[in-house]
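Take a look at the structure below.
Read-outs: derived from the displayed coordinates by stated rules, not from any lab. Here the structure is a predicted model, which is why all the values come from computation and not from measurement. FYI the Cβ positions are ideal-geometry reconstructions off the backbone, even for glycines, and counts take in every protein chain you see.
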Amino acid sequence: MPRVLAFLILACCMILAAASASATNDFSSTADHAKFKELQKVFASGPEVTKACLSCHTEASKQLHKTTHWTWEFENPRTGQKLGKRHIMNSFCGSPLSNGPWCTTCHIGYGWEDLRKDPVGEENVDCLVCHDTTRRYRKQEGAAGHPTRDTVAQLTEIAQKVGKTNRHNCGSCHFHGGGVNGAKHGDLDNSLISPTFYLDVHMDEMGLNFPCARCHMGRSHQVQGSRYATMARDRHGIDVPGRDDGSRASCESCHGWMPHGKTKLNDHVDRIACQTCHIPAYARGNIATKMWWDWSDAGRTDESGEALSIEDPRGYEVYSSKKGSFEFVRNGRPEYRWFNGKVRYTLLADKLDDAKQPIPMNAVEGSADDPDSRIWPFKVMRGRQPYDTVFKTLLVNHIAGSEEDKTAFWRGLDFDKSLKAGTDFAGQPYSGEYGFVETTMMWPITHMVAPAEDALTCDACHSRQGRMADVGGFHMPGRDFSPVLEFIGFLLVAVVMTGVIGHAVARFVILKGKGGGDVP
Amino acid sequence: MYRNIQLYTRFERLWHWSQAGLIISMGVSGLEIHQVYHLVGFEAAVDYHTTAAWALIGLWAFAIFWHVTTGQWKQYVPTRQKLRTVAQFYVIDIFHGKAHPYERSARSKLNPLQRLAYLAFKLVMAPMLWISGLLYMFYNQWPEWGLASFLDLSVVALTHVTGALLLITFLIIHVYMATLGRTPLQHIKAMITGYEEVEAPNRQRTRGE
């Protein structure tokens, strides 16, 4: 018996090993990078590896230089707004502008220290952060995108094992937005590196095992499916390879417009985003996402002047002197809005109406009357941000700096200094008077697609106080009714009922009183 | 003096009872869709409601054909003859133990009040429910059919609810009045067997004589 058991365990181990090997090695490639002379050397830095890459992939850096991943700039053709990390404000750390080498830890390049200038250099494109398959490539925090010393020591092996991008590549930045795993998006965290079918039916490691690029595919390193210009309703439908535009970053590009067996469900597709029913909650991977970040609370210290970090019983940091107070949620219930893909950001120059709080950091557009709008799920991030109480603008806060840089908030815990330093650096007008405004920021939910049996049922929305209770502009069966009609109608029913009962009782009493024999 | 006559043919009885069953199940599921209570959930309620609707449409197709070909539609032509007498019976005379003043026959099965009530059902409530219900069901086809520009779902929905509430009222009265025969089950039995004892013609009688 123990022998059989041992054999079974061994067999299981071998199957698992085989499975994990096939998950990391891409046997479809016709090139084994370990055999390339260019990579059989010791590399002293990231840019040296890139030079080696470019000696064969001659156009790669030029392609990358045109991407939002490189420029951190995106001009939204629908609103004319200049977006991208260099221009927008978010309700986490505000703006990266003055926080150069810290924020550009996650840039796909090397050495971008000053965000007021464009990133430059062909050899400064970081090929490995996206194409590493060893999962050992790490960027050093605060080093403007350069790898850690430990990583540098392994660059030869990492370079020889490059391959197609996978979830851990994209996730090394996108899962950690907002500074903590899962903090920012709500539907992106490192539970998606090895997800189960329950967590995401497409990325399921034992099933379809889609890498991010299966949907976010692109030509010439231009990745499709940016949140800055969401396709809220894909009228193009199924994209046939070789014939269509190749954009797969919508459910419709594979599933088309009639994905359900049931007509009534297909009747919803034109007005309800797939995500609305099929992603019943965000942060479904057991990792919490931030829902509230209050900067006005930051800077408190203990009696000895030391910075505080307070965790709640679940182990989430709910207060940090450096950042303020936080709230987290797992399995968060999305909020729903009409959305046509158009998002208007509150940029640094935009005047705030601080009498009307919360201020939208970004406002999604759309309505029931707009045929390109559908009802989408959102994580709504809330919090308080510093703003100029005289000029009424959001402010660049200088958060991260070197140890000597006491103007950085994380070093000096002093808003007076950090806001002055941040706005000076950014060249932003600042009156010197600051306060805090409450803000909201909309994060469309589109990952962590649940199995069909976990999708929302009809009752979730078709009920008096369902998920769509606040989504206006249309009549929804089960939710909407006319109180006047209800009153009159049910009163009529009640009156008739009473009349009938009264008639019956009267008949009985009167006829019995007359001794009239058999009373029907 | 009573005699047993056939009032309802086999088709009429089949039609009546299957229509009753379908309307009641549509009422039960409809009220659930309207969120008056929770029994089977919204989705299942919609499924029942839709299935029953198609079954009822099929039944009506047969019923309309039957009415037209047999000329039975004439049973519903309203008349003022004896209308007042019949109304007076239900309001006053019934409490004095008097017999029903209307003499039924196979040629004229319905008293003037019934004619009015059933005609209202057929010409007002049913079309209200059918038209609004089918528009409701085919909401997604409105743009193709050129209806989307002027028709609003809330109007259709409220019309449907109004029709339903009227029909519920109708049903309560209908069921109650069905028990007002010489015995509570007299009319109901007749609707099952087809045969009913009606008073012999031209003999005015009061109860208990």
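Shielding of peptide A:471-481 by partners, expressed as the average count of other chain Cβ atoms within 10 Å per residue Cβ, is 4. Take every Cα pair under 8 Å whose residues are at least 6 apart in sequence, average their separation, divide by the length of chain A, and the relative contact order is 13 percent.
Distance from the Cα centroid of region A:183-226 to that of region B:41-71 is 48 Å (rounded to whole angstrom). If I take R0 = 45 Å and measure r between the Cβ atoms of B:TYR176 and A:MET258 in this structure, what FRET efficiency does the formula 1/(1 + (r/R0)^6) give, to the nearest 0.05? Efficiency for this residue pair is about 0.40. Which residues in region A:359-377 have a backbone N closer than 13 Å to a point placed 7 Å from the Cα of A:ALA460 along the Cα-to-Cβ line? What the label zone holds, given the 13 Å backbone N cut-off, is A:376-377.
Rounded to 0.05, the FRET efficiency of the B:PHE65 and A:PHE487 pair, given R0 = 45 Å and the Cβ-Cβ distance, is 0.65. In this structure the amide hydrogen of A:PHE328, modeled in the peptide plane, comes within under 5 Å of the amide hydrogens of A:MET291, none closer than 5 places in sequence on its chain.
Label positions at A:ARG135 and A:GLU59, each projected 7 Å from the Cα along the C-beta direction, are separated by 3.4 nm. Pairs of Lys residues in region A:256-372 are counted when their Cα atoms are under 30 angstrom apart and they lie 8 or more places apart or on different chains; the count is 12. Within chain B, helices built from complete DSSP H runs that reach 24 Å or longer along their own axis (Cα positions) and carry a mean Kyte-Doolittle hydropathy of 1.6 or higher are B:153-178. Taking 7 Å steps out from each Cα toward its Cβ at A:SER45 and A:LEU308 produces label points 4.3 nm apart.
Please list, in order, the residues from region A:261-298 whose amide nitrogen is less than 17 Å from a point placed 7 Å along the Cα→Cβ vector of A:VAL318. Residues A:288-295, A:297-298 fall inside that zone.
Straight-line reach from B:LYS82: taking Cα to Cα under 26 Å and skipping same-chain neighbours fewer than 8 places apart, the lysines in range are B:LYS74, B:LYS98, B:LYS109, B:LYS122, B:LYS189.
The alpha-carbon of A:LYS35 sits under 19 angstrom from the alpha-carbons of these aspartates and glutamates, leaving out residues fewer than 8 places away in its chain: A:ASP26, A:GLU48, A:ASP132, A:GLU157. Coupling constants for region A:390-402 follow from the phi torsions by the Karplus curve (6.51 cos²θ - 1.76 cosθ + 1.60, θ = phi - 60°), and in residue order they are 9, 7, 6, 10, 5, 10, 6, 9, 7, 9, 10, x, 5 Hz; glycine and proline get x. Protection proxy ranking of B:114-124, A:347-357, by the mean of other Cβ atoms within 10 Å over each peptide's residues and highest first, is B:114-124, A:347-357. Scanning chain A for long hydrophobic helices, with DSSP H runs required to stretch 18 angstrom or more by C-alpha along their axis and to average at least 0.0 on the Kyte-Doolittle scale, returns A:2-24, A:483-513. Rounded to the nearest 0.05, the FRET efficiency derived from the C-beta distance between A:PHE197 and A:THR30 at R0 = 35 Å is 0.65. Across peptide B:137-146, the mean count of Cβ atoms from other chains lying within 10 Å of each residue's own Cβ comes to 2.
Length gained on full extension, B:ILE5 to B:ARG80, computed as 0.36 nm times the residue gap minus the Cα-Cα distance: 24.5 nm. Pairs exceeding a 27 Å alpha-carbon distance, out of A:LYS139/A:LYS420; A:LYS37/A:LYS62; A:LYS85/A:LYS139: A:LYS139/A:LYS420. Under the simplified labelling scheme, the A:ALA363-B:VAL155 pair shows an inter-label distance of 3.1 nm, with each label point 7 Å from Cα along Cα→Cβ. Less than 5 angstrom separates the built amide H of A:THR389 from those of A:GLU433, A:TYR434, A:GLY435, all sequence-distant by 5 or more or on a different chain.
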